[in-house]
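Below is one structure, written out as structure tokens; comments come after it.
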Amino acid sequence: MQITQSNKGDILIIDDTLDNLRLLSAMLTEQGYEVRSVTNGAMALIGIKAQPPDLILLDISMPGMSGYEVCEHLKSDPQTQEIPVIFISALNEVFDKVKAFAVGGVDFITKPFQIEEVLARIEVQLKLCRLQLQLQEQNQRLQEQEAELRRSLAQERALNQRIEEMVALEERNRIARDIHDSLGHSLVALNVQMETVLTLWHSDSERAWQFLVEAKKLGSAALREVRESVSAIRSDPLQGQLLETAIANLAEEFSHLTDILPDCEIDLSQPLSNTVNHVVFRIIQEGLTNIYKYANATKVQIKIQTRNDGLLLLLQDNGQGFDSDQAVTGFGLQGMRERTAAMGGQLDIFSKPGAGCRIMAHFPREE
């Protein structure tokens with residue numbers, strides 16, 4: 001059913017009494033309706049098929065095919081079943097209201113007609129039809145929007161998966177560089193120590209023994225770095241843990257190595273994606289490793305907080321520090337910056353000799 005803007009609606013009157021047809025037609029035309037009329041049910045069904053009206057006024061008592069039968073035909077056809085039917089009945093007729101509604105009628109009017117009543121009942125049904133059409137259109141739009149949202153979510157999941165893969169690949173490349181640099185240096189130093197041991201073994205065994213002990217320390221340190229690198233290269237560094245739990249475990253491991261338990265303040269009131277979780281974990285892991293190796297600190301603080309504009313990460317110590325005004329690429333700091341930048345964030349390093357180090361990273365809010 002489609003009600004045009006040029007008229008109030010298209011109404012079909014089905015009545016075998018010509019006086020009723022003329023009266024109703026004149027009344028409705030004067031009110032701005034498009035009106036058609038037929039005198040029997042069979043002709044009405046043909047006309048309705050060809051041009052469905054917005055509403056039907058249907059006389060109950062007609063020769064050949066009654067109004068009940070016409071209505072049953074209309075409601076059995078998907079093309080016409082939504083057209084509202086208002087039954088017409090004479091005041092003195094035996095009118096089965098229950099049957100009228102059972103076969104699909106929506107209302108009824110009685111003869112003699114009261115103009116105001118007829119117009120009011122017609123307008124109510126047309127308004128209901130308009131509202132129903134609007135509801136159907138809104139439902140259709142909602143279904144289309146839902147489908148578009150599902151497509152967008154699928155694309156976003158695919159993009160996030162791709163980002164995670166790229167971050168993991170970059171992480172492996174960075175670890176490979178770290179292994180080459182740090183482990184390479186350790187092995188060179190170990191080789192020098194062992195060559196010195198061989199040189200001094202027969203002439204000065206005591207000094208040779210000292211170099212051998214130092215070589216053992218270098219070997220143990222190299223082995224630990226290899227184990228750390230193997231652990232770091234895992235595809236899921238959290239190993240299924242919550243970020244808070246994983247950081248607490250890092251702090252506990254750091255405490256065993258240094259007798260310093262970091263002060264952890266973690267407030268994750270908003271969920272983070274796996275990618276951001278991994279990056280945050282890696283930054284803290286790398287930062288604690290640097291503090292252990294180089295800082296000679298006695299206090300360490302870890303703070304993570306989700307805010308309206310995103311996530312704030314703070315890692316600081318009171319160690320010996322370094323000059324952060326100079327280009328800083330060592331100690332894994334460049335890798336921290338690269339990881340943060342890959343997430344659209346920013347990482348800043350503040351340090352001075354003798355004044356400790358503060359690392360601050362901000363990640364924008366994920367939509």
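Could you tell me whether the range 55-66 includes any residue that is within 18 Å of E82 (Cβ to Cβ) and of a type in the set (D, E)? No, there is no match, as no residue in the range 55-66 is within 18 Å of E82 (Cβ to Cβ) and of a type in the set (D, E). For the range 277-322, a residue qualifies if it is of a type in the set (D, E, K, R) and not in a loop (DSSP other than H, G, I, E, B), and the qualifying residues are R282, E286, K293, K303, R307, D317. Within the range 323-351, the residues that satisfy the criterion of being surrounded by fewer than 14 Cβ atoms within 10 Å (Cβ to Cβ), assigned to a loop (DSSP other than H, G, I, E, B) and modelled with pLDDT of 80 or more are D323, G344. Taken as a whole, the condition of being at pLDDT 90 or above, in a helix (DSSP H, G or I) and within 20 Å of F113 (Cβ to Cβ) does not apply to L74. Among residues that are modelled with pLDDT of 90 or more and surrounded by 18 or more Cβ atoms within 10 Å (Cβ to Cβ), G319 is included. With respect to the conditions (1) farther than 21 Å from P53 by Cα; (2) free of Cβ contacts under 8 Å to residues at least 60 places away in the same chain, A100 lacks only one, and its number is (1).
So that you can scan it fast, the table gives a plain yes or no per residue for (1) closer than 20 Å to I349 by Cα; (2) at pLDDT 85 or above:
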| position | (1), (2) |
| --- | --- |
| V226 | no, no |
| L238 | no, no |
| S255 | no, yes |
| T275 | no, no |
| N290 | yes, yes |
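The values are calculated or read from the model by the stated rules, or taken from the named source; none is laboratory data. From a predicted model like this one, the values you see are computed outputs, not experimental measurements. Quick reminder, even Gly has a Cβ in these numbers, built from the backbone with ideal geometry, and neighbours come from all protein chains shown.
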